[in-house]
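In what follows, a single structure is set out as structure tokens and then discussed.
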Amino acid sequence: MSASILEEFFIKRSQQKKKTSPLNYKERLFVLTQEKLAYYDYDLEKGRRKSLRGTVDLQKVKCVEMVHPEPSAPMERLYPFQVIYDDGPLYIFAKNVDIQLAWIRKLKEMVRFNKDLKQKYHPCFWVDGLWQCCQQEVKQAMGCRVLDVFGSKQRTGSRKPLPPTPVEEAQLSPPEPPKPAASVGMTVIAEYEYTPLTPQDLELRKDEEYTILEMCDVNWWRARDKHGKEGYIPSNFVVQAGNVLERFPWYCKNMNRSQAENLLKKENKDGGFLVRDSSKVGKYTVSVFTKISGETAGTCRHYNICTTSQGQFYLADKHFFNSIPELITYHQHNAAGMVSRLKYFVSNRAQPPSTAGLGYGTWEIDPRHLTFIKELGNGQFGVVKYGKWQGQHDVAIKMIKEGSMSEDDFIEEAKIMMKLCHENLVQLYGVCTKQRPIYIVTEFLSNGCLLTYLKEGLTQHPTNLQLLEMCKDVAEGMAYLESSQYLHRDLAARNCLVDSNGTVKVTDFGLSRYVLDDEYTSSEGSKFPVRWSPPEVLLYRKFSSKSDIWAYGILMWEIYTLGRLPYDRLSNQEIVEQVSRGMRLYRPQLANDKVYSIMTSCWTEKADERPIFQELALNVQDLLYEFQ
Ligand code: ADP
Ligand code: MG
């Protein structure tokens, strides 16, 4: 038997090969080898595989794709994907999005040379004689959705080229919720305290349970507390009751390796530790700080939490545990192979994430609730100030110089922008539109603009790890925009900001559409971002999601040159000529070949050969993994 490449417990939907066979869902152990995807019964008590229930010959696979979860799917069926082969689709449900993406990606990679790959598929389930996506009644009916390029490495050149993605110039309706479609009735636990910002909101107390009553909006849910009180809560402040790690004070979600090192060094305690997401999807890492006796500086060590094929966890030495909390408790008492036992947990949990707006349903902010503290800078629309909302919440306020923006259009758009909520996007909190100048109120990031930060803000020379983490942050924020089908149109280091932990967030997405300044909007204008534009924009003004990808490559180059101006010796006119003839930016000294090849993948002449952000984020993630 060949070695297993991936193993995971998934829920599998019955395949209903006969019309009369029932629709059911069973947990199976899936094992992926070079030739087959096999699934087994599993004896939980004895901790081993039982009988083989089915196999799929990988050579017969025609398509591997995500599936939209069913409306109000139960918690364990939120992350489905499909493997299509001779016997029709096999529907598999992963525990979380990381596992779902990792499997889709691996499977796609393994089947990419298959003979009968499909170019179209059904993005929704086949239920009771009907495709839920296109309402066709024949199970064999051709797919109704053209495959996207996610995961298909076109650069290998061995696959039929996919049809180009349409130019996405159309105005968009509010984005689809990219977050997991959790369900009404489910129990959640507050990860952070939340003090109501409006009378309709409900207070959250850390670690207490709440029942979800209504998911009126992606970012705001109506909930009930244990005393029966009801109101709106920010959905990013709670976790599903099943996700236990979030309940432990040593777990730092969304923390990367350098941030963990910074935090542990700042605490400066021998045996200080935390648990964070590993750069390998779906896995976790324990970071520990130690001071060898007499030393003052101290060092950090990182240990991946490994899993056995029976689903048990272990660290350095092979002491096995059924859960991560049990493993941590054990190592709080025993070093057992690590540099130190885990003595003190170090946590960043004090800082809650930003909410999508200041309370449910509010996007018009009363200017009397704002106080101005200091000027941060001057931009395309005028002065930007740092201030407080209601005397306590940090905000940045853009005061829009009259005549610099088409205000009515922007105000309409702001309602959509408010719904975009991601840890790598600068959050729009609201607007003040009843007076002139109008204000745009956003999240405040204390380390300011990324370009300035790269040039002069870093206290020490950045490590390669830090540079790559910055690229990852931007790719994640952009992958979220992409999943919401939202174009940035002016991605560059000057439009990214850095928070107090060094996390990079993308800002000013979509804003360029409302600029009233010919120098900026016309491609001949002196302020047009020529240096960040692909040939098809420079020559034919053809904007698309692929022009954002090009700009991302340039932004990576800005990061790796610590803020140099791209093509600094060339004028705009020379750039148009030379870039359209095939000239590209050189490899920055700090970028190795792998990093440079990610940049250059964004700069292919043909727009449809460029990757998508989801793929870029995974590629950067793969390089980050080499640092673990
Ligand atoms: P515009 O995009 O309107 O041209 P910017 O967003 O570039 O203006 O703002 C000008 C400067 O103000 C930036 O370079 C940055 O230093 C500062 N700034 C803007 N927004 C924020 C924010 N949310 N937090 C911290 N500083 C900010
Ligand atoms: Mg800007």
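Seen through its C-alpha gyration tensor, with square-root eigenvalues sorted a ≥ b ≥ c, the range 46-89 comes out oblate because a/c lies at 1.5 or above while a/b is not bigger than b/c.
How much FRET efficiency would the formula 1/(1 + (r/R0)^6) give for Val138 and Lys265, where r is the Cβ-Cβ distance and R0 is 60 Å, rounded to 0.05? Kindly include the intermediate steps, with their values, before the conclusion.
Working: r = 62 Å, r/R0 = 1.04.
Taking R0 as 60 Å, the efficiency between Val138 and Lys265 is 0.45.
Using a 1.4 Å probe on the protein chains only, how many percent of the accessible area of the range 248-376 belongs to carbon and sulfur? Intermediate results must be reported in sequence, preceding the final value.
Values: 3120 of 6380 Å².
Carbon and sulfur atoms account for 49 percent of the accessible area of the range 248-376.
The fraction of accessible area contributed by carbon and sulfur in the range 575-628 is 48 percent, rounded to a whole number (1.4 Å probe; ligands and nucleic acids excluded).
Out of all DSSP beta bridges in the chain, what portion is antiparallel? Express it as a percent rounded to 5. Show your work: numbers first, answer last.
Working: 94 of 101 bridges.
If we restrict to bridges inside the chain, about 95 percent are antiparallel.
For the range 524-628, what ratio Rg/Rh do Cα atoms give with a Kirkwood hydrodynamic radius?
Working: Rg = 13.8 Å, Rh = 14.3 Å.
For the range 524-628, the value is 0.97.
Calculate, for Thr600 and His227, the FRET efficiency according to 1/(1 + (r/R0)^6) with r their C-beta to C-beta distance and R0 60 Å; round to the nearest 0.05.
Details: r = 58 Å, r/R0 = 0.97.
About 0.55, to the nearest 0.05.
Share of pairwise Cα-Cα distances greater than 24 Å in the range 15-135 is 28 percent (whole percent). Legend: translational diffusion of the range 4-76 by Stokes-Einstein, Rh = Kirkwood radius over C-alpha pairs, 20 °C, 1.002 mPa s; D = 152 µm²/s.
Can you tell me the FRET efficiency between Lys455 and Thr362 if r is taken as the Cβ-Cβ distance and R0 is 35 Å, rounded to the nearest 0.05?
On the way: r = 37 Å, r/R0 = 1.06.
The pair Lys455/Thr362 has a calculated efficiency of 0.40.
Looking at the chain, the accessible area is 47 square angstrom per residue; that uses a 1.4 Å probe and ignores ligands, DNA and RNA.
Could you work out the Rg to Rh ratio of the range 479-533, with Rh taken as the Kirkwood radius (inverse of the mean 1/r over all Cα pairs)?
Details: Rg = 12.8 Å, Rh = 12.5 Å.
Answer for the range 479-533: 1.02.
The distance between label points at Arg301 and Asn501 comes to 2.5 nm (points 7 Å beyond Cα on the Cα→Cβ vector). The relative contact order of the chain, computed from alpha carbon pairs under 8 Å that lie at least 6 residues apart in sequence, is 8 percent. Heavy-atom surface analysis with a 1.4 Å probe gives the range 445-513 a carbon and sulfur content of 42 percent of its accessible area.
Please sort 422-433, 535-546, 129-140 by packing, taking for each peptide the average over its residues of neighbouring beta carbons within 10 angstrom, highest first.
On the way: 422-433: 22.2, 535-546: 17.8, 129-140: 12.9.
Averaged packing, sorted descending, gives the order 422-433, 535-546, 129-140.
Take each peptide in 564-573, 275-284, 588-597, count the other Cβ atoms within 10 Å of every residue, and average; sorted highest first, the result is 275-284, 588-597, 564-573. Whole-Hz Karplus values for the range 20-33 come out as 7, 6, x, 8, 9, 10, 10, 7, 9, 8, 9, 10, 9, 10 Hz, taken residue by residue from phi with 6.51 cos²θ - 1.76 cosθ + 1.60 and θ = phi - 60°; glycine and proline positions read x. Per-residue Karplus couplings for the range 283-291, computed as 6.51 cos²θ - 1.76 cosθ + 1.60 with θ equal to phi - 60°, are listed in order as 10, 10, 10, 9, 9, 10, 10, 9, 10 Hz, Gly and Pro entered as x. At each listed q (0.15, 0.17, 0.21, 0.33 Å⁻¹), what is the log10 of I(q)/I(0) that the Debye formula gives for the range 275-316 modelled as equal alpha-carbon point scatterers? Cα-only, vacuum Debye calculation for the range 275-316: -0.46, -0.55, -0.70, -1.11. The count of lysine pairs in the range 53-123 that are at least 8 places apart or cross chains, and whose C-alpha atoms lie under 19 Å apart, stands at 15. Computed about the Cα centre, the dipole magnitude for the chain is approximately 1840 debye when only Lys and Arg (+1) and Asp and Glu (-1) carry charge, each at its Cβ. Bridgeable lysines around Lys542 (alpha carbons under 25 Å apart, same-chain partners fewer than 8 residues away excluded): Lys153, Lys160, Lys527, Lys606.
Protection proxy ranking, highest mean first, for peptides 250-256, 24-30: 250-256, 24-30, where packing is the per-residue count of other beta-carbon atoms within 10 Å, averaged.
Evaluate 2.2 N^0.38 Å with N set to the residue count of the chain, then give the Cα radius of gyration divided by it.
Values: Rg = 25.4 Å, N = 628, 2.2 N^0.38 = 25.4 Å.
So the chain has a normalised radius of gyration of 1.00.
When the Cα convex hull of the range 184-337 is projected onto planes of every orientation, the mean area is 11.4 nm².
The values are calculated or read from the model by the stated rules, or taken from the named source; none is laboratory data. Values in this document were obtained by computation on a predicted structure and should not be read as measured data. Reconstructed Cβ throughout: ideal geometry from the backbone, glycine too, with neighbour counts over all protein chains shown. With ligands, DNA and RNA removed, areas are computed over all heavy atoms of the protein, side chains included. Shrake-Rupley method; radii C 1.70, N 1.55, O 1.52, S 1.80 Å.
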